[in-house]
Ligand code: 0PR
């Protein structure tokens, strides 16, 4: 660090230069994030210093968080669900599984088996979690951090998790299941009703990762069963900083029952509040205000319009691609499209190098992946398809 500071103008110039090196979303078809709504940005700036890690100092922001939880709880058919605002899907997934694991380790069956293994050479078995093979990589982090074995269930032809495969992986050390409502690569929704039935039958937890789909599915014309309406669903991750049009970092984790949240409790003796359930200590109150502002500004009607436009653009894209004999790997459920394109890794790098387009790749099956976020326009799609055609024809 320099002994004396730079001038405001010097700092502004450096920042402008850095900002100029960032890609603009107008060339990005790979991201699950987008420009936050203007009203969210304004609220974020107004609450920039607010720290939810010590919310006794920020009672107003704390009340906004409570309102958000009940708005999202209501959207997900449980207005009295409990939870908190996280930094996004990764933290929500970690905390949901941490709660499952803590409650499993405290359970009387586990305690009994732990006591009996003390008297023999048997080691206490490691808890396991059954996730779809399509689960986001945050679950690999979960496994590592929490020392929980990850059992990956296979997918069916439509890239939904196979219920039979899930069933076959469950044993007495399974702490719970994960279902995805909007998979990262394909935007697919798992058979969550069936998984909810299994969770109830086996008396285990079911976490729904709706980080992306949570702000899409409730606003679609077709109705999907994926939330607390299903009695086996015990927790949900949903991210306002993706399709919710809020600022980063805005995630929400909701639990069906208070005892799940309580299992995450830590004492915080020297703060204005004596307990914390969160993973991080210091936590952005700006993201809370931003999420409150955009959710109340748009209302359900606003989100319905946003989702409907993204879906219209998705279908427009598919129609144009049909003329070029390019088809999706599965019929898109939401605004995530995976295309069957020969040599897609090469196509992806040429799109970036020659035309500055950012797209991504799905692993299994291999395809070119596009996310049609609210920053996408009809003109953007026209121009992207024209550039893709040039590459495929050459
Ligand atoms: N669960 C699902 C279903 C997700 O798709 C993601 C992120 C997460 C959890 C984790 O969320 P956080 O990244 O908020 O912790 N999915 C995208 C991905 O990893 C996130 C993303 C966003 C990637 C913007 C790129 C990008 O430009 O691919």
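The values are calculated or read from the model by the stated rules, or taken from the named source; none is laboratory data. Worth saying up front: this structure is predicted, and the values here are computed from it rather than measured. Reconstructed Cβ throughout: ideal geometry from the backbone, glycine too, with neighbour counts over all protein chains shown.
Looking only at strands (runs of 3 or more DSSP E) that lie completely in segment 308-394, which have at least 1 residues being farther than 30 Å from residue 246 by Cβ and in contact with a strand residue (DSSP E or B) (Cβ under 8 Å, 6 or more places away or on another chain)?
By residue number, 336-340.
Need a quick list: helices (runs of 4 or more DSSP H) entirely within segment 129-204 having at least 3 residues that are buried (at least 16 other Cβ atoms within 10 Å of the Cβ) and away from the ligand (no atom under 16 Å from the Cβ).
Once the helices (runs of 4 or more DSSP H) in segment 129-204 are filtered for at least 3 residues that are buried (at least 16 other Cβ atoms within 10 Å of the Cβ) and away from the ligand (no atom under 16 Å from the Cβ), what remains is 163-169, 192-202.
Suppose the filter is within 15 Å of the ligand (Cβ to nearest atom) and modelled with pLDDT of 90 or more; does residue 89 pass it?
yes
Among (1) out of contact with any strand residue (DSSP E or B) (no Cβ under 6 Å at 6 or more places or on another chain); (2) farther than 28 Å from residue 249 by Cα, where does residue 153 come up short?
Exception for residue 153: condition (1).
Can you list the helices (runs of 4 or more DSSP H) found entirely within segment 25-127 that contain at least 3 residues being buried (at least 19 other Cβ atoms within 10 Å of the Cβ)?
Because the criterion is at least 3 residues that are buried (at least 19 other Cβ atoms within 10 Å of the Cβ), the helices (runs of 4 or more DSSP H) in segment 25-127 that meet it are 38-46, 59-75, 89-106.
Is there any pair linking a residue in segment 227-253 that is over 14 Å from residue 214 (Cβ atoms) to one that is assigned to a loop (DSSP other than H, G, I, E, B) and within 11 Å of the ligand (Cβ to nearest atom), with Cβ under 8 Å and at least six apart or on different chains, and which?
From residues that are over 14 Å from residue 214 (Cβ atoms), the pairs are 247/241; 248/33; 248/88; 248/241; 249/87; 249/88; 249/241.
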